[in-house]
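One structure is given here, and the rest of the page talks about it.
Derivation of every value follows stated rules applied to the coordinates shown; laboratory data play no part. Keep in mind that this is a model prediction, so the values were computed, not measured. Glycine gets a Cβ as well: all are built from the backbone with ideal geometry, and neighbour counts include every protein chain shown.
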Amino acid sequence: MPEANPRIPYALSGSWPALPPFRGKRVIVHVAVNVEHWPFDQPMPRAILPAPHGTKPVPDVPNFTWVEYGLRVGMKRILDLSAEFGLRFGALCNASICTHYTPLAEAMLRSDWEFVGHGLYQKSLATFENDAEIVAESLDVMRRFSGQGVKAWLGPGLGEKPDTPEVLRRHGIRYLHDWLLDDEPLWMTTADGPMVSLPYTVELNDVPAYLLANQPSDALTTRARTTMACFARTGFDRTRVLTLALHPHIIGVPHRFEPFRDLIAELVAHPEVAFATSTEIGEWFEAVRPAA
């Protein structure tokens with residue numbers, strides 16, 4: 001029988017020494033903005049409005065425009081928010097955003113956001129026969145456009161094949177968000193050497209909270225506040241990552257954005273919070289806990 005987890009052997013949380021504070025703080029807030037291109041001539045990966053009579057129309061105008069509202073309007077609000085508080089967010093970005101929504105990609109670059117690999121467009125790597133070519137193309141496009149090294153990755157839909165970590169590592173990815181195992185970074189094994197598994201979330205994530213669970217407009221804010229209360233109850237005894245996983249067509253609508261802005265203001269003022277992006281977290285972890 002294979003190991004329970006072939007990449008990261010099981011260990012009960014807290015069974016290893018706590019990481020030192022990050023920039024003197026015990027909570028690292030990662031604002032992870034999923035910036036996605038859903039092609040007009042293909043079925044939508046997700047829908048808010050089911051098509052009538054069980055059809056899957058192409059083009060799917062209401063659902064395509066629902067998503068593009070986020071790229072046009074929601075992203076402006078999120079960019080303004082990062083500027084208001086002087087924060088650097090992560091753009092977990094389909095590479096085709098750079099070629100098809102170039103003014104938006106340029107705006108994120110001017111805001112000094114970190115570009116994180118997220119496929120070529122919004123389609124899981126597991127659905128491609130030529131997944132290694134998709135990885136190579138998407139990273140090449142993003143690196144040439146941004147001038148950044150692009151060392152981190154989140155799979156579209158968190159989709160992987162059995163050898164995806166090896167493929168990513170061969171193409172220069174050091175930090176992977178797909179494995180939702182802990183509030184702390186962990187080392188994971190690949191056939192090509194160790195790799196850092198960075199925290200991500202489906203709990204503090206606007207898609208499950210709002211689109212799947214139909215929670216009220218302030219649900220993400222309430223969940224994050226309660227998460228901070230849980231960390232505080234143990235006296236912030238460990239350095240943890242609190243990821244806020246966002247999609248501009250969901251969090252960027254006015255009735256959700258206002259309570260979310262209040263949350264960011266609270267976190268900025270919190271004495272135990274530092275904001276960081278994927279590579280900032282990954283490089284810090286490599287330095288304080290080198291691979292065995």
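Shown for SER13, SER82: other C-beta atoms within 10 Å of each C-beta, ranked fewest to most, produce the order SER13, SER82. Note on the chain: dipole from Cβ charges, positive end direction compared against TRP153, TRP66, SER13; the farthest Cα belongs to SER13. Each Cα pair under 8 Å and six or more residues apart adds its sequence gap; the mean of these over the residue count of the chain is a relative contact order of 28 percent. Residues in region 104-119 near a label at ARG88, defined as backbone nitrogen under 11 Å from the 7 Å Cα→Cβ point? Inside the label zone: 112-115. Pop the C-beta distance of ALA11 and GLU266 into the FRET formula with R0 = 35 Å and round what comes out to the nearest 0.05. Result of the calculation: an efficiency of 0.60.
Among the listed values [x] 28.5, 107; [y] 22.2, 72; [z] 18.7, 57, the one computed from these coordinates for Rg and Dmax of the Cα atoms in Å is [z]. Within region 214-234, what residues put their amide N at less than 13 Å from the label point 7 Å along the Cα-to-Cβ vector of GLU203? Residues 223-232 fall inside that zone. Here the chain is treated with +1 on each Lys and Arg Cβ and -1 on each Asp and Glu Cβ, and its dipole about the Cα centre works out to around 460 debye. Amide H contacts for ARG7 (H built 1.01 Å from N in the peptide plane; partners 5 or more residues away or on another chain; cut-off under 5 Å): none found. Between the DSSP loop rule and a limit of at most 15 other Cβ atoms within 10 Å, which GluC sites (Glu not before Pro) in region 135-209 are left? Of the GluC sites (Glu not before Pro), the ones in loops of region 135-209 whose Cβ has at most 15 other Cβ atoms within 10 Å are GLU203. Dividing the mean sequence gap of close Cα pairs (under 8 Å, 6+ apart) by how many residues region 81-206 holds gives a relative contact order of 19 percent.
What does the extension gain come out to for PHE40 and SER217, with contour length at 0.36 nm per residue minus their alpha carbon separation?
Working: separation 177, 0.36 × 177 = 63.72 nm, distance 2.82 nm.
Extra length available between PHE40 and SER217 comes to 60.9 nm.
Shape of region 1-148 from its Cα gyration tensor (a ≥ b ≥ c, root eigenvalues): rounded if a/c is under 1.5, otherwise prolate when a/b > b/c, or oblate? The shape class here is oblate. Only helices enter the 222 nm calculation for the chain: every DSSP H run of n ≥ 4 contributes -39,500 (n - 2.57), and dividing by all residues gives -10500 deg cm²/dmol, rounded to 500.
In whole percent, what relative contact order does region 83-149 give with Cα contacts below 8 Å and a gap of six or more residues?
Numbers: 73 pairs, mean separation 24.7, N = 67.
It comes to 37 percent, rounded to a whole number.
Just going by the charge dipole of region 201-251, with Lys and Arg at +1 and Asp and Glu at -1 on Cβ, which of ILE250, THR226, LEU212 is farthest out on the positive end? Checking the options against the dipole of region 201-251, the answer is THR226.
You can think of it this way: the chain between THR99 and GLU3 has 30.4 nm of extra reach, that is 0.36 nm per residue less the Cα-Cα gap.
Placing a label point 7 Å from the Cα of ASP140 along the Cα-to-Cβ direction, the residues of region 64-104 with a backbone N closer than 18 Å are 94-100.
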